[in-house]
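K.L.:
Pasting a structure below so you can have a look.
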Amino acid sequence: MGIGVSSSQTHQPDLAVPAAGRRRVLWFHNEANHYFVAMLDALNAQGQAQYVGMFLCPRPEGLRDSALTAIPKNSPFMFLGSAPAHDVAGRTLRTDARALVQAAVFDMAIVGGYDSAFKRWVLAHCRARKIPTAVFADSNIKAEFDGSAKSFFRRAVKKVLLRKIVRQTDQILPANSSGIEYWRYYGCPREKISLSTYYSQVDAPVATDQAGRAAMLQQVGLDPEKRLIFTGARLVRVKGLHLMIEAFGRLGLADKGWVWAIAGGGPLEAELKQQAGALNGHGLYFLGVLNHSQTKALAAGCDVFVLPSTYEPHGIVISEAMGAGTPVIASDACGAAIDLVEPGKTGWLFTNGSADDLQRVLKAATDNPATLADMRPACRAKYEAWYGQYSPLVAVPKVVARLTAGLP
């Protein structure tokens, strides 16, 4: 039926009836991923407003969780997709998707990005009905332009499209400071921008449990006696893993007691393994797709977390690693890293796309393992200060309260 409040209940909240005693916010999002669903449930647990997850994907068969997705446990939700698709542009929505929104009674809409005609229609529909809206966007000005004719054309098109988006919405919610730069570049007034990062609630790290760490590493086939570099990323070109293979190999880290483990799957698996050559299985380990708890445990248990992406609008894995007290190496095109990584204090940034510069910072990190351990308190402190201010559990309710204050 597509609407529900938990994976076990069949009750369908009637969106044509106002939410009792609370503002109702429809939040449109592409997928029911772990991060978004956990945030939705946490927001609803606050009781200040009712947040309804409007997923632009088909209902998962049997409403069962997978390695990447989750079903809200404490939140109303609706799946608007009618058939599987590989990307937003090719997604097929239910024929009644617009009618459902038109019939719904709600006080505000939050739209996750502007990457589909349906999302842009939601903004226009709300504007016509005088319903406040916000765009929750992980845009990043870094690596937006590469000097090519293609990027120049894309920039020109965006200037036209985003001018309209800015007019139609009441607030833009970028995930990091590079997102603020992005929207300012495309003409959004600063007063229309409120930083609200992605949900990445990470419990305070406890004293290292060597036995627990060893058991966790052995579970995924890694030697607990080795120093560990970890990356959680899809095996696609933009993640820059080819740069890290080159830098890791040049430094001979496998012969110096280091291993690098990659959690994730993707179309470049065979190509990356071929590039790794003899390192594959002997210093470099492709772990495949792991569940969310395993990925978080590895990010917490490694010596250093590396995300060499050539473009990363945000990079939620960076904030999770930092929250666990783990130093981070990332390119200067990663949105979260620009806000969280202080070179030499909480990690290192390297020049986007440069294997040579990645090699430089990787050597600095691995030459002094004790320094990595000394960084851990600063990593956690930086995460707490930043996330405590910009967590969606803090930032979103403030925006909702302000934009709906004058409504009946």
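What follows draws every value from the coordinates through simple rules; no lab data is involved. Remember, predicted model here, so these are calculated numbers, not experimental data. Don't worry about glycine lacking a Cβ; one is built from the backbone with ideal geometry, like all the others, and counts go over all protein chains shown.
K.L.:
Karplus couplings for the range 33-38 from phi (6.51 cos²θ - 1.76 cosθ + 1.60, θ = phi - 60°), rounded to Hz, Gly and Pro as x?
P.N.:
For the range 33-38, the Karplus curve yields 7, 4, 5, 5, 5, 4 Hz.
K.L.:
Right, something else. Nearest 0.05, what FRET efficiency do Ala370 and Asp146 give at R0 = 35 Å with Cβ-Cβ as r? Don't skip to the end; give the middle numbers.
P.N.:
On the way: r = 39 Å, r/R0 = 1.11.
So, using R0 = 35 Å, E works out to roughly 0.35.
K.L.:
Between Trp260 and residues 5 or more places away or on another chain, which pairs have amide H atoms under 5 Å apart, with H built 1.01 Å from N, and which residues are they?
P.N.:
Amide H neighbours of Trp260: Ile229, Leu284, Tyr285.
K.L.:
How long are the three semi-axes of the equivalent ellipsoid of the range 210-388, in whole Å, if each is the root of 5 times an eigenvalue of the C-alpha gyration tensor, listed from largest down? Please report the intermediate quantities before stating the final value.
P.N.:
Details: eigenvalues 91, 69, 52 Å².
Three semi-axes, in Å: 21, 19, 16.
K.L.:
Can you give the calculated 222 nm mean residue ellipticity of the chain, where each DSSP H run of n ≥ 4 adds -39,500 (n - 2.57) and the sum is split over every residue, rounded to the nearest 500 deg cm²/dmol?
P.N.:
Values: 14 runs with 161 residues, N = 408.
Only helices count here, giving -12000 deg cm²/dmol.
K.L.:
Given N residues in the chain, what is its alpha carbon radius of gyration divided by 2.2 N^0.38 Å?
P.N.:
On the way: Rg = 21.9 Å, N = 408, 2.2 N^0.38 = 21.6 Å.
Cα Rg divided by the expected 2.2 N^0.38 Å: 1.01.
K.L.:
Longer than 27 Å from Cα to Cα, which of Lys158/Lys192; Lys273/Lys382; Lys296/Lys363 are they? Say none if no pair is. Don't jump to the answer; show the numbers that get you there.
P.N.:
Details: Lys158/Lys192 18 Å; Lys273/Lys382 35 Å; Lys296/Lys363 25 Å.
In this structure, Lys273/Lys382 exceed 27 Å between Cα atoms.
K.L.:
Okay, moving on. Give me the number: length gained by fully extending Lys273 to Asn291, i.e. 0.36 nm times residue separation minus the C-alpha to C-alpha distance, one decimal in nm. All intermediate terms of the calculation are to be shown ahead of the outcome.
P.N.:
On the way: separation 18, 0.36 × 18 = 6.48 nm, distance 2.17 nm.
Contour length minus Cα-Cα distance gives 4.3 nm.
K.L.:
Same structure, new question: Can you tell me what share of the DSSP beta bridges in the chain is antiparallel? A percent to the nearest 5 is fine.
P.N.:
10
K.L.:
Here's another thing I want to ask about it. Given 25 °C and 0.890 mPa s, compute D for the range 151-247 with the Stokes-Einstein relation, Rh being the Kirkwood radius over Cα pairs; round to the nearest whole µm²/s. Can you show the working numbers first?
P.N.:
Numbers: Rh = 18.0 Å.
For the chosen part, D equals 136 µm²/s.
K.L.:
Where Lys and Arg each count +1 and Asp and Glu each count -1, what net charge lies around Asp356 among other residues with Cβ under 12 Å from its Cβ? Numbers along the way, then the final one.
P.N.:
Numbers: positive: Arg250, Arg360, Lys363; negative: Glu246, Asp357.
Spelling it out: positives minus negatives among the neighbours equals +1.
K.L.:
Take the chain, connect every pair of alpha-carbon atoms lying under 10 Å apart with a spring to form a Gaussian network, then pick out the residue of Ala97, Ala124, Ala134 with the largest mean-square fluctuation.
P.N.:
In this elastic network of the chain, the residue with the biggest mean-square fluctuation among Ala97, Ala124, Ala134 is Ala97.
K.L.:
Let me ask something else. Determine ³J(HN,Hα), in whole Hz, for all residues of the range 225-232 in sequence, where each value follows from phi through the Karplus function 6.51 cos²θ - 1.76 cosθ + 1.60 and θ = phi - 60°; x replaces Gly and Pro.
P.N.:
Running phi through 6.51 cos²θ - 1.76 cosθ + 1.60 with θ = phi - 60° gives 7, 8, 6, 10, 9, 10, 9, x Hz.
K.L.:
Contour minus end-to-end for Asp223 and Asn280, with contour as 0.36 nm per residue of separation and end-to-end as the Cα-Cα distance? Kindly include the intermediate steps, with their values, before the conclusion.
P.N.:
Working: separation 57, 0.36 × 57 = 20.52 nm, distance 1.46 nm.
Extra length from Asp223 to Asn280 when fully extended: 19.1 nm.
K.L.:
When 1/r is averaged over all different Cα pairs and the result inverted, which Kirkwood radius in Å belongs to the range 290-408? Don't skip to the answer; put the middle values down first.
P.N.:
Working: mean 1/r = 0.0659 Å⁻¹.
With all distinct Cα pairs of the range 290-408 included, I get 15.2 Å.
K.L.:
Can you tell me the alpha carbon radius of gyration of the range 111-186 divided by the globular rule-of-thumb value 2.2 N^0.38 Å? Could you put the intermediate results ahead of the total?
P.N.:
Values: Rg = 12.9 Å, N = 76, 2.2 N^0.38 = 11.4 Å.
Ratio of Rg to 2.2 N^0.38 Å for the range 111-186: 1.13.
K.L.:
For Gln48 and Lys192, what does the FRET efficiency come to when R0 = 30 Å and r is the distance between their Cβ atoms, rounded to the nearest 0.05?
P.N.:
0.85
K.L.:
Continuing with the same structure: If I fit a long axis through the Cα atoms of helix 292-301 and take the longest principal axis of the Cα atoms of the chain, what angle between them do I get, 0 to 90°, rounded to 10?
P.N.:
Tilt of helix 292-301: around 40 degrees.
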